[in-house]
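Engineer: I am attaching a structure below and will ask some questions about it afterwards.
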Amino acid sequence: MKVDESGFEITQQQGSWVIRMWWPTGSITGGPQRMTLEPVDGAEPRDVARGISTTVLRRLDIAAALNLAKKAPEAQRTLEDLSRQVEATGEAAGRLLAAEGVSERYLATLTLAYSAMAESGAPAPIPWLARLIERRPETVKDHLKKARRDGYLGTLAGKAGGEVTDKAKAVLGLDGQQ
């Protein structure tokens, strides 16, 4: 594995091909964002002339590469930092709920925590959020439905979680920030 400030690169060899998979620095939750396939030094010319076969592609072990990338010390620090930030946001949502009820600020903060949890690949964001705000998971689901209806949480087709909308960012004073 190669690591630098921009990301992680994992290399695998399949037959006459070397495959480099790259993930950016940050939360590592899915497949690589870039893959490069090149002939191995000294590969048989006839194998290279045939090109990259579907067999080579099927034999890629992206899951193993992903697990290796997640174990990198830099990735661990990033995941721990992200976990602390998400936990703090969830706890802030709980304090807002206790103080203000189901307010705009609460829904926007809950949305921010939920979206970050889902994006980070948390296996069960609703129970985690329920624990942080000291409510039942069903209550959190209802609040997230309300956040969607009220325009604080957008949807991402085919993915758990959702996008923090501009409306939620405005409530939180995050206008113009990524």
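Engineer: At 1.4 Å probe size, with no ligands or nucleic acids counted, give the accessible surface of ASP142 in Å², nearest ten.
Structural biologist: So the heavy atoms of ASP142 present about 90 Å² to solvent.
Engineer: Within 13 Å, Cβ to Cβ, of VAL40, how many net charges do the neighbouring residues add up to if Lys/Arg are +1 and Asp/Glu are -1?
Structural biologist: -3
Engineer: Among ARG95, ARG105, what's the order by accessible area (1.4 angstrom probe), most exposed first?
Structural biologist: Per-residue accessible area, sorted high to low, gives ARG95, ARG105.
Engineer: Also: Residues in segment 109-140, backbone N under 18 Å from the label point at ASP175 (7 Å along the Cα-to-beta-carbon vector): list them, ranges by number please.
Structural biologist: 109
The values are calculated or read from the model by the stated rules, or taken from the named source; none is laboratory data. Small disclaimer: the values here were computed from a predicted structure and weren't measured. Cβ sites come from the backbone with ideal geometry, for glycine too, and all protein chains shown count toward neighbours. Ligands, DNA and RNA are excluded from the accessible area calculation, which covers all protein heavy atoms including side chains. Shrake-Rupley method; radii C 1.70, N 1.55, O 1.52, S 1.80 Å.
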